[in-house]
Amino acid sequence: MPFPLQDQEAQLTPVEELRQQIAEIKTAQAALDRNGTQYIVMMGDVAFQFVMQEKIATQATAVPAQTATRFTESDAKMIARAIKNAKGETAQAMPLAAALNMALAKKNLSLQRLEQAISVIQWLPPIRRDSASGE
């Protein structure tokens, strides 16, 4: 019996995955409404997507900033005040543009570090099996 085809994303290398995430963030930045400011709710560097029922947030899921639920500033602040983590810290309302800039900076830094690590590994001398066994 043949194996089912895997999802294309599952076949991406870590470098390709980071580049794809960077492209998604840049696409979201380009699509921002420049006339109005959109806000999202974040806890630290984790953004949330909410299930809304009759204008009330009933459930939250951690998502990338570009897919977080967007609110007006006052609504985001009201929802953020109602969310606390186990340490008692309150969530924050953050402008979407700032959250995307923060996410992009983190992904670029991760990509740079990964590419540097790959470069170092490629320059390492090969390990000889016979020298490793002491013979």
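With a ≥ b ≥ c taken as the square roots of the eigenvalues of the C-alpha gyration tensor of the stretch 15-87, please select rounded if a/c is under 1.5 and otherwise prolate if a/b is larger than b/c or oblate if it is not?
oblate
Ordered by residue, what ³J(HN,Hα) values in Hz, to whole numbers, does the stretch 66-79 give under the Karplus form 6.51 cos²θ - 1.76 cosθ + 1.60, where θ = phi - 60° and Gly and Pro are x?
In residue order, the calculated couplings are 5, 10, 5, 5, 9, 9, 6, 4, 5, 5, 4, 5, 5, 5 Hz.
Name the long-range amide H neighbours of Gln38: under 5 Å, sequence gap of 5 or more, or other chain; modelled H, no Pro or chain starts.
Leu96, Ala97
Calculate one ³J(HN,Hα) per residue across the stretch 56-63 by plugging θ = phi - 60° into the Karplus curve 6.51 cos²θ - 1.76 cosθ + 1.60, and present them in order as whole Hz with x for glycine and proline.
So the J values, rounded to whole Hz, are 10, 6, 10, 8, 10, 10, 6, 9.
Name the lysines eligible as straight-distance cross-link partners of Lys106: C-alpha to C-alpha under 25 Å, and not fewer than 8 places from it in the same chain.
Lys26, Lys77, Lys84, Lys87
Whole percent per 10 Å bin, from 0 to the bin with the longest distance: what is P(r) over all C-alpha pairs of the chain?
Taking all Cα pairs of the chain, the binned fractions are 10, 29, 25, 18, 10, 6, 2, 0 percent.
Roughly what angle does helix 14-30 make with the longest principal axis of the chain, taking Cα atoms, 0 to 90 degrees, to the nearest 10?
30 degrees
Quick note: the coordinates plus some simple rules give every number you see, no bench work behind them. Everything numeric here is computed off the predicted structure, so don't read it as measured data.
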